[in-house]
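To start, the structure itself, in structure tokens.
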Amino acid sequence: MRRLYFTVDADRDANIPIPGQEAAGSTDRGSGTAPRFSSTGRGMGVLAELLDSLGVKGTFFIEGRTAEVVDCAVLGGHAIGLHGYDHEDLTGASTGVLPDPDAVIGRGFAAVTDAVSRPVAFRAPYMAADGRVMDAVDRAGIRADSSFYTEVGGCTEPYTIGRITEYPVPKARDSNGKTIAAYLWPMHEGRRAPEDYVHMAEGMDSIVLATHTWHMAETVSGGPMDQGAVRRNADGVRAVIEGILDLGFRAETIGPRRSP
């Protein structure tokens with residue numbers, strides 16, 4: 001059975017690392033880099049409505065702070081994962097600050113559990129994870145993760161890291177030799193077409209697609225979208241999902257590996 005895992009990072013609008021501090025900010029639109037959440041709230045509703053109309057259950061990796069600020073009631077029926085608390089780079093590579101992953105995961109876990117439901121999976125902010133981070137995920141009792149990329153030609157199926165089932169996000173080369181990852185942000189920014197992702201999935205038995213809630217209603221380059229642009233953006237995501245399902249994939253959610 002070919003499987004499609006549609007995943008969403010529910011995080012602050014147009015998030016950016018801030019050198020010297022753990023917490024991420026938002027791209028400055030004229031009022032500084034303090035985190036904003038309006039586009040992520042708007043985009044969450046767009047994605048939930050889209051997925052529900054397709055009968056597809058997604059996996060939403062939610063920041064603890066986002067769970068506290070944004071009403072996530074629209075995510076009923078979808079799988080809930082954790083995405084840090086303040087979109088911290090847990091490796092410290094982009095900020096020069098090395099957070100305590102146990103503290104970050106513990107705080108985020110409590111916030112998401114209280115506001116939405118108990119997270120069943122984890123994705124590191126910025127897809128920045130290492131053994132230290134994975135050990136903290138394990139200690140938190142989380143048994144599924146999607147924090148690593150994998151090159152197509154290698155294993156795109158879920159695999160195990162100790163007691164954790166890893167669901168890797170694939171990367172490939174398109175017909176022009178350019179790298180394409182299964183994150184949809186280049187499509188939201190006008191750099192990719194839906195068929196690029198459908199073509200990417202053709203030779204796979206399993207594909208983890210990923211996007212951001214805020215990217216449904218805002219671009220890095222252009223800022224918040226008007227309603228027409230949001231509709232066109234949603235239509236692009238629909239085309240990707242429907243195209244992959246038409247290849248014979250079945251949509252599933254990310255979570256601890258089930259017995260055959």
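Derivation of every value follows stated rules applied to the coordinates shown; laboratory data play no part. What you are looking at is a predicted structure, and each value in this text was computed from that prediction instead of being measured. When we count neighbours, we look across all protein chains shown, and the Cβ atoms used for this are built from the backbone with ideal geometry, even at glycine.
So that you can scan it fast, the table gives a plain yes or no per residue for (1) within 27 Å of E166 (Cβ to Cβ); (2) touching a Ser or Thr at 6+ places or on another chain (Cβ under 8 Å):
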position: R3; (1), (2): yes, yes
position: A23; (1), (2): yes, no
position: T33; (1), (2): no, yes
position: A73; (1), (2): no, no
position: I80; (1), (2): yes, yes
position: D89; (1), (2): yes, yes
position: D102; (1), (2): yes, no
position: T113; (1), (2): yes, no
Inside the range 35-66, the number of residues satisfying the requirement of being among the hydrophobic types (A, V, I, L, M, F, W, C) and more than 24 Å from A251 (Cβ to Cβ) is 1
Return only the number of the condition from (1) under 18 Å from H188 (Cβ atoms); (2) in contact (Cβ under 8 Å) with a residue 24 or more places away in the chain that I16 does not satisfy.
(2)
Criterion: without any contact (Cβ under 8 Å) to a residue 60 or more places away in the chain and crowded, with 18+ Cβ neighbours inside 10 Å - qualifying residue of P194, P186
P194
Please determine, by comparing only the residues of the range 197-242 that are touching a residue at least 24 places away in the same chain (Cβ under 8 Å) and among the charged types (D, E, K, R), which one is surrounded by the fewest Cβ atoms within 10 Å (Cβ to Cβ).
E202
Among the residues of the range 28-35, is there at least one that is more than 14 Å from G64 (Cα to Cα) and touching a helix residue (DSSP H, G or I) at 6+ places or on another chain (Cβ under 9 Å)?
no
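Per-residue answers, yes or no, for (1) surrounded by 19 or more Cβ atoms within 10 Å (Cβ to Cβ); (2) free of Cβ contacts under 8 Å to residues at least 60 places away in the same chain; (3) aromatic (F, W, Y):
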{"site": "S26", "(1), (2), (3)": "yes, yes, no"}
{"site": "G30", "(1), (2), (3)": "no, yes, no"}
{"site": "T33", "(1), (2), (3)": "no, yes, no"}
{"site": "R36", "(1), (2), (3)": "yes, yes, no"}
{"site": "R42", "(1), (2), (3)": "yes, no, no"}
{"site": "A48", "(1), (2), (3)": "yes, yes, no"}
{"site": "L54", "(1), (2), (3)": "no, no, no"}
{"site": "K57", "(1), (2), (3)": "no, no, no"}
{"site": "I62", "(1), (2), (3)": "yes, yes, no"}
Could you please find all residues in the range 131-182 being within 15 Å of H199 (Cβ to Cβ), charged (D, E, K, R) and surrounded by 18 or more Cβ atoms within 10 Å (Cβ to Cβ)?
K171
Hey, does the range 243-251 have a residue that's touching a residue at least 60 places away in the same chain (Cβ under 8 Å), among the aliphatic types (A, V, I, L, M), assigned to a loop (DSSP other than H, G, I, E, B) and surrounded by fewer than 20 Cβ atoms within 10 Å (Cβ to Cβ)?
yes
Restricting to the range 17-50, and then to whatever is in a helix (DSSP H, G or I) and either at positive phi or of a type in the set (V, I, T) (or both), can you tell me which residue is nearest to the chain's Cα centre (by Cα)?
T40
